[in-house]
Amino acid sequence: MPRKIIVLVMMLLTFSLCEGSEQTDSEAVGGQKMEIKVTSSAFTEGGSIPAKYTCDGLEISPPLQWDGVPDGTKSIALISDDPDARKETWVHWVLFNMPADTRELEENIPSDKTLANGARQGINDSRGIGYGSPCPPTGTHRYYFKIYALDTKLDLAAGVKKSDLLKAMEGHILGQGQLMGRYKRP
């Protein structure tokens with residue numbers, strides 16, 4: 001009987017040591033979490049997105065800045081979505097293969113499939129390429145602008161869906177960060 005207990009304890013210890021040593025997508029070598037700080041000159045974390053960037057304004061993308069991109073980054077990706085949509089999360093923007101040294105997006109990024117810097121844009125849930133502005137039917141919605149530092153340039157064509165981008169990014173995320181803004185129609 002004591003031998004069974006010892007074996008069981010050893011198995012539990014081995015399992016707990018293995019579990020603690022696995023590296024998550026947001027950790028770098030050495031176990032340090034790599035968090036990218038995302039900001040905007042147009043709104044603060046949790047603040048209101050100005051109408052200029054919504055369906056009640058010019059419907060242009062807001063300016064975004066980020067820092068804290070880890071060494072070894074080969075490309076940057078962005079996903080913007082609204083988890084407060086009625087049935088499921090609504091995708092507003094899919095952008096990937098931004099050069100690794102990119103640290104900002106100016107406002108009003110064109111809706112081109114491929115940008116001048118080689119970045120590619122995916123399809124949003126309004127079935128358009130590029131940025132789809134916030135336009136909540138009721139209430140206040142949250143809009144997340146998520147930045148991902150990747151250890152590779154993705155072999156994806158422009159026009160992909162968020163789900164395709166997420167699948168391609170699996171195992172390649174070196175760091176990530178997000179900025180959340182809110183919007184309620186007047």
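Rounded to the nearest whole Hz, the Karplus-based 3J(HN,Hα) values (6.51 cos²θ - 1.76 cosθ + 1.60, θ = phi - 60°) of segment 138-143 follow the sequence 8, x, 9, 10, 9, 10, with x at glycine and proline. What's the local net charge at PRO83, with K and R +1, D and E -1, over the other residues with C-beta under 15 Å away? Computed value for this residue: +1. All other residues with a Cβ under 10 Å from the Cβ of PRO63 taken together, and with Lys, Arg as +1 and Asp, Glu as -1, what is their net charge? My count for the surroundings of PRO63 gives -3.
How much net charge surrounds LYS37 when only other residues with a Cβ under 11 Å from its Cβ are counted (Lys, Arg +1; Asp, Glu -1)? With Lys, Arg at +1 and Asp, Glu at -1, the neighbours total -2. Sorted ascending by nearby beta carbons within 10 Å, beginning with the fewest, HIS92, HIS172 become HIS172, HIS92. When TYR183, TYR53 are arranged by Cβ crowding within 10 Å, least crowded first, meaning fewest neighbours, the order is TYR183, TYR53.
Each Lys and Arg contributes +1 and each Asp and Glu -1, all at the Cβ; summed about the Cα centre of segment 25-184, the dipole is approximately 380 debye. Fully extending the segment from GLU104 to THR152 would add 15.4 nm, taking 0.36 nm per residue of separation and subtracting the current Cα-Cα distance.
Just so you know, all these numbers are worked out from the coordinates, no wet-lab data involved. It should be emphasised that the depicted structure is a prediction, and the values quoted were computed from it without experimental measurement. Here the Cβ is made from the backbone with ideal geometry for all residues, glycine too, and neighbour counts use every protein chain on show.
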